[in-house]
1. Might you check whether a residue that is in contact (Cβ under 8 Å) with a residue 24 or more places away in the chain, away from the ligand (no atom under 16 Å from the Cβ) and either buried (at least 21 other Cβ atoms within 10 Å of the Cβ) or within 21 Å of VAL276 (Cα to Cα) (or both) occurs anywhere in segment 35-52?
2. If I ask for residues that are touching a Ser or Thr at 6+ places or on another chain (Cβ under 8 Å) and within 11 Å of GLY183 (Cβ to Cβ), which ones from segment 199-242 would you list?
3. Do we have any residue at all in segment 222-242 that's farther than 16 Å from SER270 by Cα, surrounded by fewer than 22 Cβ atoms within 10 Å (Cβ to Cβ) and touching a Leu at 6+ places or on another chain (Cβ under 8 Å)?
4. Could you say whether any residue in segment 257-265 is within 16 Å of the ligand (Cβ to nearest atom), buried (at least 20 other Cβ atoms within 10 Å of the Cβ) and not β-branched (Val, Ile, Thr)?
5. Going by what's in this entry, would LEU308 be described as over 30 Å from ASN222 (Cα atoms) and away from the ligand (no atom under 16 Å from the Cβ)?
6. Taking segment 53-72, which residues are crowded, with 21+ Cβ neighbours inside 10 Å and within 26 Å of LEU303 (Cα to Cα)?
7. Could you tell me whether segment 109-130 includes any residue that is touching a helix residue (DSSP H, G or I) at 6+ places or on another chain (Cβ under 9 Å), open to solvent by 40 Å² or more (accessible area, probe 1.4 Å) and within 16 Å of the ligand (Cβ to nearest atom)?
8. Could you tell me whether any residue of segment 89-99 is open to solvent by 10 Å² or more (accessible area, probe 1.4 Å) and touching a residue at least 40 places away in the same chain (Cβ under 8 Å)?
Amino acid sequence: MLKFKNPERIATLETPFWYYDMDLFRRTVDAMVEASRKYGITVHYSIKANTEKRLVEIIKDRGIGIDCVSGNEVKWSIVNGVEPAGIVFAGVGKSDAEIVYAMKVGIGSFNCESLEELEIIESLAAKEGMRANVSLRINPEVDAKTHKFITTGLEMDKFGIPRRFIQKAIDILRKCPHLTFKGLHFHIGSQITDVENVFANECRSAKAIIDIFEQEGIMVENVDLGGGLGIDYHNPDSHAIPEFDLWFRTLRENLPLRLGQHLHVEPGRSVVGQCVSLISRVILVKEGEKKNFVILDTGMNDLLRPALYGAYHKIENLDGKGRELRLYDIAGPICESADVLAEDRVLPETRRGDLIAIRSTGAYGSVMSSSYNMRTPAYSVFSD
Ligand SMILES: Cc1ncc(COP(=O)(O)O)c(C=O)c1O
């Protein structure tokens with residue numbers, strides 16, 4: 001059950017809000033940094049998961065780089081003091097303005113996702129009289145065994161350069177004088193829980209692809225294996241800190257590196273997921289024809305994941321201690337049938353005004369929110 005550091009103060013606040021457990025966030029980042037040092041891995045936090053300024057500042061202070069997917073994410077990272085050289089920039093559709101901006105500020109590498117993009121970056125770099133650092137995101141054709149919408153490394157997915165175009169990519173690199181080849185990039189998907197098997201498969205595929213480049217005499221300096229480490233949405237308290245050590249050990253054991261080759265990763269969800277809960281009050285409890293609905297003052301406008309992916313979040317009634325258990329659907333106030341945050345959940349008998357915690361909402365929560373139905377978005381509250 002979620003415990004607030006300052007419950008009296010929390011009870012006076014307007015809902016809904018995102019409650020940031022800053023102590024847990026710091027402990028999570030410390031655990032990740034410690035494991036990354038142990039295994040010699042460079043981390044770029046995937047800022048798309050959560051762009052909150054206070055988190056970015058802590059990440060920056062620990063010397064962690066950033067993985068971006070838009071020009072504004074690059075800008076936001078730099079505004080918050082991140083070193084441009086530690087920024088990598090992926091995405092299947094970077095606009096010319098985004099590319100030129102990122103090139104001018106001197107990011108570490110563009111993670112290029114198509115042959116077409118390579119040629120665009122070459123022509124923009126030539127026009128600006130600059131050189132651009134590029135890595136190639138290759139689609140490794142590895143099944144992440146996760147939700148269809150967060151799988152990115154299969155033949156059907158729009159991400160990365162298809163394996164069959166590797167030779168073409170090498171030919172393009174050879175005739176692009178304004179591109180500096182930095183390495184290879186892979187990202188197979190998110191919320192991966194079968195860590196040892198799935199990431200070992202990714203490593204095997206990456207190794208075969210690295211070999212193709214090196215046999216062609218092209219040295220692969222950086223190998224970026226993306227993000228994807230899953231979190232325990234069912235047990236956020238007993239598994240508050242994800243298994244960074246297991247993840248990094250799996251990568252090191254399954255991907256032999258040559259001297260001078262560096263391993264990089266881009267975790268998002270695992271860094272921030274467990275550190276935030278969405279706090280809401282019950283507007284009313286409605287008896288339906290077939291179900292009983294707890295109607296909250298937050299919904300898919302704040303937390304889209306259940307409607308978008310059918311994602312599971314643990315839901316707790318923080319005022320329900322000692323009451324009998326009942327079965328409910330937990331829904332929001334938005335005028336969409338998809339605005340159901342959880343179906344068939346057992347909660348203590350729930351009443352109007354009860355405080356509800358929706359757990360593990362730090363990743364892909366606030367960043368995906370909208371003001372649909374002209375609702376005021378949830379604001380941020382920090383435990384410290
Ligand atoms: C290229 C890339 N890297 C890293 C990530 C972060 O993944 P996760 O949040 O699962 O760690 C994503 C997420 O979609 C991504 O697209």
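The values are calculated or read from the model by the stated rules, or taken from the named source; none is laboratory data. Source: prediction; values computed, not measured. So basically every Cβ, Gly included, is an ideal-geometry build from the backbone, and we count neighbours across all protein chains shown. Just the protein is used for accessible areas: all its heavy atoms, side chains included, with ligands, DNA and RNA removed. Shrake-Rupley method; radii C 1.70, N 1.55, O 1.52, S 1.80 Å.
1. No: zero hits.
2. ASN222, ASP224, listed by residue number.
3. Yes: one or more hits.
4. For segment 257-265, residues within 16 Å of the ligand (Cβ to nearest atom), buried (at least 20 other Cβ atoms within 10 Å of the Cβ) and not β-branched (Val, Ile, Thr): present.
5. Working: over 30 Å from ASN222 (Cα atoms): yes; away from the ligand (no atom under 16 Å from the Cβ): no.
No; evaluated as a whole, the condition is false for this residue.
6. Step one: filter segment 53-72 for residues crowded, with 21+ Cβ neighbours inside 10 Å, giving 55-56, 59, 64-68.
Listed by number, the residues that qualify are LEU55, VAL56, ILE59, ILE66, ASP67, CYS68.
7. The answer is no, given that none of the residues of segment 109-130 is touching a helix residue (DSSP H, G or I) at 6+ places or on another chain (Cβ under 9 Å), open to solvent by 40 Å² or more (accessible area, probe 1.4 Å) and within 16 Å of the ligand (Cβ to nearest atom).
8. Checked segment 89-99: at least one residue is open to solvent by 10 Å² or more (accessible area, probe 1.4 Å) and touching a residue at least 40 places away in the same chain (Cβ under 8 Å).
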